[in-house]
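The values are calculated or read from the model by the stated rules, or taken from the named source; none is laboratory data. These numbers were taken from a predicted model, which means no experiment stands behind them. Neighbour counts run over all protein chains shown; Cβ positions are idealised from the backbone, glycine included. These area figures cover heavy atoms from the full protein model, side chains too; ligands, DNA and RNA do not enter into them. Shrake-Rupley method; radii C 1.70, N 1.55, O 1.52, S 1.80 Å.
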Amino acid sequence: DQQVKQNSPSLSVQEGRISILNCDYTNSMFDYFLWYKKYPAEGPTFLISISSIKDKNEDGRFTVFLNKSAKHLSLHIVPSQPGDSAVYFCAASDYGGATNKLIFGTGTLLAVQP
Amino acid sequence: GAGVSQSPRYKVAKRGQDVALRCDPISGHVSLFWYQQALGQGPEFLTYFQNEAQLDKSGLPSDRFFAERPEGSVSTLKIQRTQQEDSAVYLCASSVSIGDIQYFGAGTRLSVL
């Protein structure tokens with residue numbers, strides 16, 4: 001039973017436009033959410049996070065929105081750049097738990113076309 | 001070093017062989033995690049250390065998998081009698097302490113033939 005779901009395996013956008021990546025979760029105990037970016041042959045790189053006490057967090061071109069009632073979060077990238085092309089993983093954690101292990105989605109491959 | 005270092009980067013093993021995968025976390029990081037990433041999937045939690053103590057090993061898929069971090073720094077993930085289904089990328093992550101951002105290494109790609 002997958003607790004974190006990314007239903008879009010891939011997304012293609014034009015350079016300069018907005019990229020919106022979506023993520024759904026099922027476990028109401030999750031209280032901290034993160035987005036990681038992964039290039040081929042590299043490990044995941046932390047991008048942005050959000051606590052469940054917030055509904056929005058912004059860092060430069062990247063904004064994460066959290067809708068707790070819908071158990072849904074999204075990552076907005078504006079404007080998209082070719083260097084943003086990578087696999088994006090959504091991850092969730094129960095930070096009140098003992099280990100803070102991350103539960104990952106299956107990833108969305110973003111391709112930004114020049 | 002500046003980041004999490006894992007070695008080897010690639011490992012090919014014959015079925016039934018034992019393998020050992022090494023992780024050098026960021027200096028001073030208390031927490032260390034191992035994850036397994038199968039092809040086309042997201043990373044899945046294997047085990048967690050706080051210093052030298054293994055506090056959670058609930059994700060280890062079988063008793064063929066064993067992890068240690070004897071001095072609270074370098075960690076080794078050992079897989080005994082490897083099987084084809086063990087083929088995956090094994091990722092190590094470390095964080096300053098529990099609750100902090102986890103930083104990942106590049107992983108070890110294990111192929112069991």
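Taking the criterion of being in contact (Cβ under 8 Å) with a residue 60 or more places away in the chain, open to solvent by 60 Å² or more (accessible area, probe 1.4 Å) and not in a loop (DSSP other than H, G, I, E, B), the residues of the stretch B:49-86 that qualify are B:Lys78, B:Gln84. Summed over the stretch A:94-114, residues that are over 13 Å from the mean Cα position of the chain (by Cα), within 18 Å of A:Ser49 (Cβ to Cβ) and not acidic (Asp, Glu) total 6. Do we find a residue being within 14 Å of chain B (Cβ to nearest Cβ), at pLDDT below 95 and under 25 Å from B:Cys92 (Cβ atoms) anywhere in the stretch A:52-67? Within the stretch A:52-67 (the criterion being within 14 Å of chain B (Cβ to nearest Cβ), at pLDDT below 95 and under 25 Å from B:Cys92 (Cβ atoms)), the answer is no, since none of the residues qualifies.
Mind listing just one residue for me: the one in the stretch A:85-112 that is touching a residue at least 60 places away in the same chain (Cβ under 8 Å) and more than 26 Å from B:Phe33 (Cβ to Cβ) and, of those, farthest from the other protein chains (Cβ to nearest Cβ)? Looking at residues that are touching a residue at least 60 places away in the same chain (Cβ under 8 Å) and more than 26 Å from B:Phe33 (Cβ to Cβ), I get A:Val112. The residues on offer are B:Arg22, B:Arg15, B:Arg64, and the sole one that is touching a helix residue (DSSP H, G or I) at 6+ places or on another chain (Cβ under 7 Å), at pLDDT 95 or above and farther than 24 Å from A:Tyr88 by Cβ is B:Arg15.
Confirm whether A:Asn22 is over 15 Å from A:Thr108 (Cα atoms), away from chain B (no Cβ under 11 Å) and out of contact with any helix residue (DSSP H, G or I) (no Cβ under 9 Å at 6 or more places or on another chain).
no
Annotation: B:Gln17 fulfils all but one of (1) assigned to a strand (DSSP E or B); (2) over 21 Å from A:Pro44 (Cα atoms); the unmet one is (1). Taking the conditions (1) basic (Lys, Arg); (2) without any contact (Cβ under 8 Å) to a residue 60 or more places away in the chain; (3) open to solvent by 70 Å² or more (accessible area, probe 1.4 Å) in turn, A:Lys37 satisfies each one other than (3). For the stretch B:6-29, give me each residue that is open to solvent by 40 Å² or more (accessible area, probe 1.4 Å) and within 19 Å of B:Asn51 (Cβ to Cβ). If the condition is that a residue be open to solvent by 40 Å² or more (accessible area, probe 1.4 Å) and within 19 Å of B:Asn51 (Cβ to Cβ), then B:Arg22, B:Asp24, B:Ser27, B:Gly28 are the ones that fit. Out of B:Gln83, B:Gln17, B:Gln36, one residue alone is under 29 Å from A:Pro9 (Cα atoms) and away from every other protein chain (no Cβ under 14 Å). It is B:Gln83. For the stretch A:23-40, indicate whether the set of residues that are over 27 Å from B:Gly105 (Cβ atoms) and part of a strand (DSSP E or B) is non-empty. Within the stretch A:23-40 (the criterion being over 27 Å from B:Gly105 (Cβ atoms) and part of a strand (DSSP E or B)), the answer is yes, since at least one residue qualifies. Screening B:Gly42 against (1) more than 13 Å from the chain's Cα centre (by Cα); (2) surrounded by fewer than 20 Cβ atoms within 10 Å (Cβ to Cβ); (3) not acidic (Asp, Glu) leaves a single unmet condition, (2). Checking each residue in the stretch A:63-86 for being in a helix (DSSP H, G or I) and surrounded by fewer than 17 Cβ atoms within 10 Å (Cβ to Cβ) picks out A:Pro82, A:Gly83.
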